[in-house]
1. Evaluate the following for G403: is it buried (at least 24 other Cβ atoms within 10 Å of the Cβ), in contact with an Asp or Glu (Cβ under 9 Å, 6 or more places away or on another chain), closer than 18 Å to G258 by Cβ and not polar (S, T, N, Q)?
2. Within region 162-187, can you find the residues that are more than 18 Å from A146 (Cβ to Cβ) and crowded, with 24+ Cβ neighbours inside 10 Å?
3. Could you check, for region 71-91, whether at least one of its residues is part of a loop (DSSP other than H, G, I, E, B) and among the acidic types (D, E)?
4. For the subset of region 494-527 comprising residues that are aliphatic (A, V, I, L, M) and within 10 Å of V549 (Cα to Cα), which member is farthest from the chain's Cα centre (by Cα)?
5. Go through the residues of region 72-80 one by one and say whether even a single one is crowded, with 19+ Cβ neighbours inside 10 Å, touching a strand residue (DSSP E or B) at 6+ places or on another chain (Cβ under 8 Å) and farther than 17 Å from V424 by Cβ.
6. Is it true that L216 is at pLDDT 95 or above, of a type in the set (A, V, I, L, M) and assigned to a strand (DSSP E or B)?
7. Given (1) within 18 Å of the chain's Cα centre (by Cα); (2) free of Cβ contacts under 8 Å to residues at least 24 places away in the same chain, identify the lone condition not met by G99.
8. Select from region 534-583 the residues that are of a type in the set (A, V, I, L, M) and part of a strand (DSSP E or B) and write down the one among them that is modelled with the lowest pLDDT.
Amino acid sequence: MSKSTNADQENTAEKSNPKTGAQAVVASLEEAGVRVIFGVQGGAIMPVYDALYDSKLEHITMGHEQGAAHAADAYGIVSGQPGVCIATSGPGATNLVTGLADANMDSVPVLALTGQVPTNFVGNDAFQECDTIGVSNPVTKANFFATESETVGDLVSLAFLLAREGRQGPTLVDLPKDVTLGEVSNWKYKPPKLPGHVEIPEGADVKVIELAATALIDAKKPVILAGGGVIKGSACEQLYKFATEFEIPVVTTMPGIGAFPEDHELSLKPAGMHGTGYANMALTHCDVMLAVGTRFDDRLTGGVDTFAPTAEIIHIDIDPAEISKNIHADYELVGDAATVLGQLHKVMQVKPGAEGWLEQIKTWKQEYSIEYGERESNGKPRPQYIIEQLCEATESNTIVTTGVGQHQMWAMLYWTYKEPRTWVSSHGLGTMGYGLPAAIGARFAASDDQKVVCIDGDGSFLMTLQELSVAVREELDITVVVLNNAGIGMVRQWQDAFYGHRRMASEYPWVPDFSKIADAFGAKGFLLENVEDVESIIREAIEYKGPSVIDARIDPAENVFPMVPSGGANGLFALTEEHLEEL
């Protein structure tokens, strides 16, 4: 028998019978079906990394812990299973916090493992010590401080389960070094069970279902508002059947993009501050709204008192805390989105008599079209055109990640999303720099036939571009398109609109050549300056087998429209800068 075979047997034995807390941590991840971990090595977490040495788990060393958290976040969005990130104590743990806060706001399943100083040092201001539990408590669904080597594997299993079940979100386990180094005598994996006080509702109250169905049947102007919970609850098929059978138009929130195919005649694309005019008009004038898996955040609703002012609200959500939190629900349906939509579908016998409403929506689609006119502005290719060409050059299952800012809104409006889990962005927290590490996480979760495109801005890209080294090292096939307007465009747009054109800290007097930076990292760089080159450069970048970066120079004066002023009424949106000044 060869040495390698003996070694394999020994490693297998170690996994099935962990000898240390660290080995139990790794074994619990393996049993949960984890394939990949994103992290950064360090002193307090080193025992876990040592246990990973003998594991089949793939570890991706990121450039920064924030990048690890964003990569895990994107992995969770695309795969539906918790993404795992790992960091050492102190600054390693605190660098994860932005990514955990992002995942928490967007209800994304993430498991974070953090190293900690030995338990007898805790509270003594030891080197790289911080109160990770206290720091992370506001931005996690649950967090745990491990105290025993014998039970630490069970704790990690529970944290993984909690991240995935019910309303998804990030969880964290803090791992003191003595706990991970400590001996384990008889640990064996046991499938975790939810604590008794954690209840996961499935179906909604039957009486309320019947009342909600009656309201929909009687509606003259019904609309469906599909949120991110439709995707997380794997309810897209039920939504499609319900909407098409009963001919009810579908508006999405930003996290709900992809829940309903945008090339369907019933699709109104996203609503909200930069949503389509026709989606906002539908929400403003509907008489019954079926809202599924949405928390009605302020970027969607605008002023709460002006949101859907004449509508009865049917609200489906797995988290009862979200129902009537921001928008009063007339019909409260607590439960899993797929199950409750199925209940509602079964009770509905006829479709609403809403022929006039559907005609009105067709008129709004023509009247408030998002067409942008010329392909170029001030001699530079327009971002809307670039995104449309990217969409044309790729398949419908292509995954799009973004940073935050104007480029995010253009990517939301001008790409046609036809499938769920293909839009990966930062919504509630609005984290600049999210796009590139998210593309890395998405690449590991994607199937081999899926492309991954990161649409970024120069401001966002500058925040996390060190992760390009990871894409090159791991030979990842991703395409990054930097819509470079030499500034923080959304801030500049707001300053022009609401601060008398007093531009402070929103314009960059100098930006690097991102195509050359890409070349220096070992990626393939492209400089895009002329509209005639858009199609050819996009094609070449997409076809390149490896990480590519397009530095697309666009007009710094280009603005995002439609736009609803913060706190304004959704039905009063601006289509031009002049119109915005009138509101």
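1. It is false that G403 is buried (at least 24 other Cβ atoms within 10 Å of the Cβ), in contact with an Asp or Glu (Cβ under 9 Å, 6 or more places away or on another chain), closer than 18 Å to G258 by Cβ and not polar (S, T, N, Q).
2. Q168, G169
3. Within region 71-91, the first condition is being part of a loop (DSSP other than H, G, I, E, B), and the residues that meet it are 80-82, 88-90.
Now narrow it down to the ones that are among the acidic types (D, E): none.
No, the conditions are met nowhere in region 71-91.
4. Top of the filtered list is L527.
5. no
6. In short, no.
7. All conditions pass for G99, except number (2).
8. A574
The values are calculated or read from the model by the stated rules, or taken from the named source; none is laboratory data. Predicted model, so just to flag it, every value in this text is computed and none were measured. All Cβ positions, glycine included, derive from the backbone under ideal geometry; neighbour counts span all protein chains shown.
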